[in-house]
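The values are calculated or read from the model by the stated rules, or taken from the named source; none is laboratory data. All of these numbers come straight from a predicted model, not from anything done at the bench. All Cβ positions, even for glycine, are placed from backbone atoms using ideal geometry, and neighbour counts span all protein chains on display.
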């Protein structure tokens with residue numbers, strides 16, 4: 001295989017894996033790769049604190065451990081002469097820990113399926129659809145792309161419990177981003193907004209009863225600074241700020257609007273022309289409510305197709 005081609009698409013991130021978590025830090029979401037290239041992804045992440053996808057702002061002093069395993073599939077496609085990507089991820093996990101709810105200590109220990117997420121992204125400019133051979137002469141300058149992610153309510157959910165693996169609602173997250181490469185440095189900026197359906201079976205605090213929970217959209221921005229050390233070996237500095245998401249429970253508005261920021265690091269390590277691994281870590285800088293957690297993980301990616 002042409003080494004130049006290997007260098008270019010080997011540095012692609014595991015773009016599916018971290019989208020399993022709400023407000024995740026995702027470098028290289030808008031990038032280019034050969035058409036018909038496929039990715040199989042598996043990984044593990046550990047979260048401590050509150051839960052990324054089910055903040056449960058009512059829970060105080062949360063000390064929850066979330067162990068998540070994820071499998072996923074992604075494919076690079078052509079649309080309107082530009083490259084795009086489709087990916088789907090299926091998470092499962094276990095929660096163990098405790099916290100305080102209205103003065104009472106509560107504990108939770110549960111395992112099950114998480115909420116499945118699917119996403120389509122399309123590069124509008126700067127990332128033409130190319131075959132594996134054509135990709136050898138591609139040089140990134142500026143890429144502009146859009147994406148839309150759908151979250152399905154497939155996760156474990158018990159309306160008599162405040163803490164669950166699933167959120168029991170649909171979510172739709174459109175986004176737009178820009179990527180600029182200068183020599184070995186790549187700067188990425190993106191923004192998105194996530195809309196939520198109502199949860200008609202939210203925890204009420206009374207056994208056998210549930211309430212309706214509505215949530216305003218959550219807006220987010222991200223920035224990534226990525227440096228390529230050598231073929232396939234890169235490191236990224238990541239940051240995000242997100243706000244909104246105020247909830248209404250049975251017509252009563254809660255004082256739980258999010259105004260949070262996070263930072264982290266990602267690293268891609270090539271194994272060979274078909275395999276690579278990724279390490280990632282992030283934590284909160286400032287947390288007003290809900291999403292105070294630390295995350296660390298590792299993922300493996302296998303590439304095939306496109307004449308590889």
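Yes or no, residue by residue, for (1) surrounded by 15 or more Cβ atoms within 10 Å (Cβ to Cβ); (2) assigned to a strand (DSSP E or B):
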| position | (1), (2) |
| --- | --- |
| 24 | yes, no |
| 27 | yes, no |
| 32 | yes, no |
| 41 | yes, yes |
| 45 | yes, yes |
| 63 | no, yes |
| 68 | yes, yes |
| 105 | no, yes |
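Restricting to the range 179-230, give me the number of residues that are surrounded by 16 or more Cβ atoms within 10 Å (Cβ to Cβ) and touching a helix residue (DSSP H, G or I) at 6+ places or on another chain (Cβ under 9 Å).
1
Among the candidates 279, 237, 295, single out the residue that is touching a residue at least 40 places away in the same chain (Cβ under 8 Å) and either in contact with a strand residue (DSSP E or B) (Cβ under 7 Å, 6 or more places away or on another chain) or not in a strand (DSSP E or B) (or both).
It is 295.
Conditions (1) under 16 Å from the mean Cα position of the chain (by Cα); (2) modelled with pLDDT of 95 or more, marked per residue:
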position: 33; (1), (2): no, no
position: 41; (1), (2): yes, no
position: 44; (1), (2): yes, yes
position: 49; (1), (2): no, no
position: 53; (1), (2): yes, no
position: 56; (1), (2): no, no
position: 60; (1), (2): no, no
position: 63; (1), (2): no, no
position: 66; (1), (2): yes, no
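Report yes if residue 8 is modelled with pLDDT under 95, touching a helix residue (DSSP H, G or I) at 6+ places or on another chain (Cβ under 8 Å) and surrounded by 15 or more Cβ atoms within 10 Å (Cβ to Cβ), otherwise no.
Yes, satisfied.
Going by the conditions given, is residue 156 without any contact (Cβ under 8 Å) to a residue 12 or more places away in the chain and under 30 Å from residue 60 (Cα atoms)?
no
Of everything in the range 240-251, what is surrounded by 15 or more Cβ atoms within 10 Å (Cβ to Cβ) and part of a loop (DSSP other than H, G, I, E, B)? Give them in sequence order.
Across the range 240-251, the qualifying residues are 245, 246.
For the condition at pLDDT 80 or above, out of contact with any helix residue (DSSP H, G or I) (no Cβ under 8 Å at 6 or more places or on another chain), surrounded by 17 or more Cβ atoms within 10 Å (Cβ to Cβ) and farther than 26 Å from residue 120 by Cβ, what is the one hit in 93, 99?
Just a single option satisfies the conditions, and that option is 99.
Sort out which residues of the range 107-127 are within 17 Å of the chain's Cα centre (by Cα) and either farther than 22 Å from residue 24 by Cβ or not in a strand (DSSP E or B) (or both), and write them in order of number.
Scanning the range 107-127 gives 114, 115, 116.
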